Every structure is written in C-alpha cells, then in structure tokens.
Amino acid sequence: MTDQPPKANNTPPARLHLGAAYYPEHWPAERWPEDVRLMQEAGFTVVRMAEFAWSTLEPTASEFNFDWLDRAITMFADAGMVSVLGTPTAAPPAWLIQQHPDILPFDEKGRQVQFGNRTHFCVNSLEFHAAVQRIVTAMGEHFGPNRHVIGWQVDNEYSRVCYCDRCQRRFQEYLQEKFESLDALNERWSTRYWSQTYTDWAQIPLPIGLHNPGLRLAFKQFVTESYRRYQKLQLDALRPHLPPGVWVTHNFMNWFDAFDHYALTEDLDLASWDWYVGTGHLDYLAAGAAHDLVRGFKQKNFWLIETQPNHVNWRPVNNTLNKGEGRVMAWHAVAHGAEAVLYWQWRSALGGQEQYHGTLIDPSGQPRPFYSEVQRLGREFAKVSHLLAGATTDARVAILNDYNSRWSIQAQPHHQDFDYVAHLVHYYKPLAALNIPVDIISADVQDLSRYRLVFAPALMLINQRRAEVLTEYVEYGGRLVLTARTGMKDDDNALWPMRQPGLLAELAGVEVEEYFALDEPVPVKGNWFEGYSHQWAELLNLTDKLGAAIAHYGPANGWLDDQLAITVRSHKSGLVYYVGTYLDEAAQYALLERFTQTVKLSRPRITAPQGVEIRTLVNPDKTEIWLAINHQRTGKIVESPWPVLEHLSGKTFEGKFKLAPYGVAVLTRPD
Ligand code: GLA
C-alpha cells in the first residue's frame, strides 16, 4: 500500500482536478467497477470518500473495518484516480450515542437534538472528543501513508451550535481566560446596565435571544474557539501519519456565519467549500464574491469540494440548472481560483434523506443527462490542466471582511434589511461587472501594500491595530474606502466614546454626526452620479481642510437635507473616502467605476459585453491566461487587441470572435 510519498509541500498541483463524492459503502462491491468505468469516461481524476461512513468504518467501539475502503482506494488508483478522504465525524453512529447519550447537543430552545440526522454532537463533549480521536487516529494510521490519498477533509460543514450545560460551563471558563477578572468583564460589558453585574462566573448565561452585546459577541468567539479546538483534535490525530504534501481541509459554506472562518482556516493547509445555487440560477457577480471569500481564507487557491449536479433537494423549489449552466459554474469557479471541482454526489443511496438530490448517475445506475456535461468538462480540464494548474489571480483591489463587525450588526441591525454580507457584496458586484479582480480578505491582515484600492465595508469594530494598518496603507499612497457603519465599536462590542468612525476619524477627516435608518429612500447627488440612499444614511462633517465633498443628500427628513453624504480626504498621494450612504445599484456602479478610474488597475484588455466574465490568471511560469465565460443564454462577441489562442478549440482568433451561449474560452497569446 505505502510506496513513495507524494511530492513535497507547496509544489503547485500537477493538474486541475475533476471528481465527485462517492460512497462505496452504499453499494455492493460488484457494482464498483462499473462506477469506476463511468468515472473514467467522465474524465475524473479524484474521488472523495468516507465522510459519514463511521458506522461502516467502526461498527462497534474500537473494532475497525477498513478493508472496503482500502479496496476502493486501490481500485480508483488502478484507474488513475487519487482519493480524498473525509473523517466521518459529522455522523456519530447509533452505538456511540447509545453509550454516551450526552453527546447529543441542545438547541436554543433547550431541546436535545435527536439521533437520526447528522451533526448530532456537542462540539465540546469530552466523550465525543475521545471517540473522534480514536476513529481519526486509526484512519490516519491506516490510510495516512497511502500515497493515493492526496488530502483529507476533517468533518463536514461545521454548523451546529450547542446550548447544553457543559457548553455553558465551557463558555464561562472561556470568559475567565479572556477577561481574567469579573471586574474587567463587568466593565467591558457595562453590566451595571439593567443590573447585570456578575459576582460569580457561574452566573453567566449562554445568550438565547436578545442579550448584552458584549456577551453575544463573546459567545460567537467562543463557538469559533470550540470548533477550532475540535478541529485541532482531528489535525493532531491525523498529521503525524501524513506524508509531506498531503493536505488537510474542511468543507466550508461560503458566507456561513456561526464562526470566524479566518481562525478555522489558519490551522488548515487548504481552504475548500461547498457551492450550491439551490433555487434559481447562477448570479455570477455574487457567486464570484463567495469564491473570492474562500480564496481569501488562506490567500491562496482553493478546492470546490462539493458542487451541484444540476439540482439540490433542500430548497422549497429545487429547480434544475439550464443546460450548459453547470459547466459554466465549474469554469467560473476555476476562474476564481478553484483547483478542483467535485460534484456532490455521484449516485444517491437508495434510502436516506437525500434521495431527490441531483447526481451524475441515476438510481438505475445509468448516467443522467447532466453526466454528458461533466464528460465535456473532463475533456476540457484534461486539455488545459497543464496551463491552469497553480494559476493565480493577481488582484490589486481588496475588500476587507470581518466576522466581528458582521456579528455586531447582525445582533443590532437597526434596520431589519441591513445585512452585512449584502452590503459587502454591493461593493463587490460593480467591480466584478467591470471584470476587476478583487481579493476578499480578513480585516486583520497586516499588510495591504500590494493593493491600490481597499474597501472596508461596515467595519463596525475598530481597534488600534486595525487603525494603524489602515493608516500606514493610506500614508504610503493607498486608496481606502470606508463606508456607512464604520468605526463605531470596540473589540468587546461596546461603543467608542467618540464619534464614528472612531479611531479612523482623523484619517478620514470626517465625523458622523448622526446615523439614520431610513424608512424611505433619500436622494443623493454626487459629482458624478445621482441616485438614492436606502436603508441607511449618515450625516457627515468634514473635520479638516484636506477633506472635500463628493456627494450631498437632497431633500429628505429635514436633518439630512443638503448635508454631506460622501467625502474624500487626501494624504499626500493616499486618499480616504467615506461613503455615508447605501446607494441604489445604478448610483453605486457609477461611484465605484469612478473610484477604480482614479487608480491604475490592470484590466483585461480582452473585452466583452455585460454578462461575459473575463478573468486573468497568471500561472507559475508567468503565462497570462484569460478565461472568457459567457453567462448568458445568447451568443456574445469578445474582442481581443492581439491574436489569441483558444485552448479548448485549438483555434486562433484575431479581433472579434463569438462565444456561444454559456460558452467558455481559455485564451493565451501565442508565442
Ligand atoms: C452539503 C453536505 C453534503 C450534502 C449536500 C447536499 O453540502 O456537505 O453532504 O448533504 O449538502 O446539497
């Protein structure tokens, strides 16, 4: 089984991978060769197995049954496919729950979760930890050295938040470590308010419903910490058995908000995620933000470890994607940094909760119509794998993302429609429509110097460190865009005793005199646009002579009439904008186009009409590659200033050429 170890760490992936989740334990072994054949014919290079297979891998405590998985891995290897293994811990088996019923978590309403679905574990249960350690260590020992296993996925989609007594005690201990004294906690949380002063750590509740903002934020951080420890337990059990170059990931759910994804991905080798459109169709401008978010977790390329084979089963309407749309989704992911596309799943188990989910193979064991689209992808990936493997996005624009600010706003939105992510994506979309590559990165990154333009949407929580990084960025010539709801709170979700944007007020040369949740749109007139502010408006004052007005409010509620809505302040060659409004889409597009015009951004010189995405990637040998993706159901004209070689068709084009409906072109300049 164990021959040579795979290549050393950080070597660029040899290829672009295509594959699916496959559960051999659902099928008689006699069927497997037919699945292998069909996968080969689809051009698969990878299979993902074993997640959720706990009851098959360990039918009773400490009795392991790994032969079947050995056989499956070998069979795929013989057919030229590598394996990614999941630890099965998101599905604790019935025997374990019978032994330790206490593993079952409690929901917010105090009800204990029943056995019979998945993620039915309390992330802080020590009995559970012991069982996890046992199965993961055994799997690591057994499968870790297998050279056909190139990577591991820990657990599946962390999501459950538990409200049991044990979690409450752990939360109290966590707070004790964080604040050291009750006096400090009481002070930071202003607990004299409504007589919440704590005199014993044991008095501190878990936040259910409305609660003290400090406590609510700390609880989110505690959930992050709980999952991080749980993940670490698995990493420590696995890593000693993995040869160099074998990575460990977890499959995240893009904007999911239960924990801080930057903290969790810090401990992993690779970020990966599960992308489902669900109801409706691909909105590539918004989906691009999700990919860029995941690429930003580790600031490197990622795996699309699950995606939708045409339809899901968990939405009110599980419509099917249009013919061609699934293929475009895969290319869109690659264009944003996916180094692998894996469908969930190959074939539905005959029973179980997900019988209606899309698959590549139907219950009869024959390919579904979508299979041929994947086959086409397989051929295409094989053609351009050498070109795209390890190719990266060279973005000069960043959007800062911050879970603490998001949680703070989520807990007290002040306007029910104000959503942190929607607001962030409101800044992303116009850039994406202009085909300007963007990195979405943590608001805590220390060095922004590679960026020409940085957006910090609703960076509600500001601290000294963040203020210093942003100040340095601007002082060295960076352009920073601050937006509504910036700089109001400190790290404990308490208000700063100063006007917004708090520690950034001097840098921005502006102060927010008042904020308004809007019940009706307010007109905004700018130097280059006219539009409306909706949901939110901040009344701004310039605080020094280096600041200038960019937009004013029109007639509104009296308070806002003719007041400043957007400002700019210069710092030698650096600039800070403060956008106090939440503009309508047309005005936002005009504003952002202007922002991008003031900085030199390398835009692809290959052009196309709206609805066609043009992404530039640079591969490790510095070749520039352009991906042109037509997200429309009608043909579109693409124009290149120089001759280009289109690698999927092998044709060379000059000037204008046509992209078919849902067409994709992979272009380089011929030597
Ligand atoms: C998630 C899970 C998968 C599967 C799919 C269905 O992403 O990780 O196991 O349930 O949803 O869409």
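Annotations
- Qualifying residue in segment 486-493 (condition: open to solvent by 10 Å² or more (accessible area, probe 1.4 Å) and closer than 19 Å to L564 by Cα): yes
- Residue in segment 364-382 that is open to solvent by 30 Å² or more (accessible area, probe 1.4 Å) and within 24 Å of the chain's Cα centre (by Cα) present: no
- Residue among A389, A382, A411 that is small (G, A, S), modelled with pLDDT under 95 and on the phi < 0 side of the Ramachandran plot: A389
- Residue in segment 484-497 that is part of a helix (DSSP H, G or I) and modelled with pLDDT of 95 or more present: no
- Looking only at segment 44-71, residues that are among the basic types (K, R) and either on the phi > 0 side of the Ramachandran plot or within 24 Å of the chain's Cα centre (by Cα) (or both) come to 1 in all.
- Filtered residues of segment 35-56 (kept if of a type in the set (G, A, S) and either within 16 Å of the ligand (Cβ to nearest atom) or in a strand (DSSP E or B) (or both)): A50, A53, S55
- Qualifying residue in segment 636-646 (condition: assigned to a loop (DSSP other than H, G, I, E, B) and surrounded by fewer than 16 Cβ atoms within 10 Å (Cβ to Cβ)): no
- Set K232, K220, K178: member being buried (at least 18 other Cβ atoms within 10 Å of the Cβ) and in a helix (DSSP H, G or I): K220
- The residues of segment 296-325 that are open to solvent by less than 30 Å² (accessible area, probe 1.4 Å) and within 14 Å of the ligand (Cβ to nearest atom), listed by number, are W303, L304, I305, E306, T307, Q308, P309, N310, V312, L321.
- Selection over segment 258-295 of residues that are open to solvent by 10 Å² or more (accessible area, probe 1.4 Å), in a loop (DSSP other than H, G, I, E, B) and closer than 21 Å to N619 by Cα gives a count of 2.
- Boolean, W407 is within 16 Å of the ligand (Cβ to nearest atom) and closer than 30 Å to E225 by Cβ: no
- Residue match in segment 308-315 (condition: among the aromatic types (F, W, Y) and either in contact with a strand residue (DSSP E or B) (Cβ under 8 Å, 6 or more places away or on another chain) or under 23 Å from F381 (Cβ atoms) (or both)): no
- The listed residue being among the hydrophobic types (A, V, I, L, M, F, W, C) and touching a His at 6+ places or on another chain (Cβ under 7 Å), out of F52, F66: F66
- Among the residues listed as N463, N435, the single one being open to solvent by 10 Å² or more (accessible area, probe 1.4 Å) and within 17 Å of L507 (Cβ to Cβ): N463
- Tabulated pairs, segment 93-113, first without any contact (Cβ under 8 Å) to a residue 24 or more places away in the chain, second assigned to a helix (DSSP H, G or I) and hydrophobic (A, V, I, L, M, F, W, C), C-beta under 8 angstrom, 6+ apart or interchain: I97/I103; L104/I97
- Residues in segment 127-166 that are more than 30 Å from P244 (Cα to Cα) and away from the ligand (no atom under 16 Å from the Cβ): E127, V161, C162, Y163, C164, D165, R166.
- Residues of segment 57-101 that are away from the ligand (no atom under 16 Å from the Cβ) and either in contact with an Asp or Glu (Cβ under 6 Å, 6 or more places away or on another chain) or in a loop (DSSP other than H, G, I, E, B) (or both): E58, P59, A61, S62, F64, N65, F66, A79, G80, M81, P93, H100.
- Selected residue (criterion: farthest from the ligand (Cβ to nearest atom)) from residues of segment 237-257 that are part of a loop (DSSP other than H, G, I, E, B) and open to solvent by 30 Å² or more (accessible area, probe 1.4 Å): P244
- Any hit, segment 609-622, residues being at pLDDT below 95, under 30 Å from V576 (Cα atoms) and assigned to a loop (DSSP other than H, G, I, E, B): yes
The values are calculated or read from the model by the stated rules, or taken from the named source; none is laboratory data. Everything numeric in this text was worked out from a predicted model, so none of it was measured. All Cβ positions, glycine included, derive from the backbone under ideal geometry; neighbour counts span all protein chains shown. Accessible surface is based on the protein model in full, side chains and every heavy atom, while ligands, DNA and RNA are left aside. Shrake-Rupley method; radii C 1.70, N 1.55, O 1.52, S 1.80 Å.
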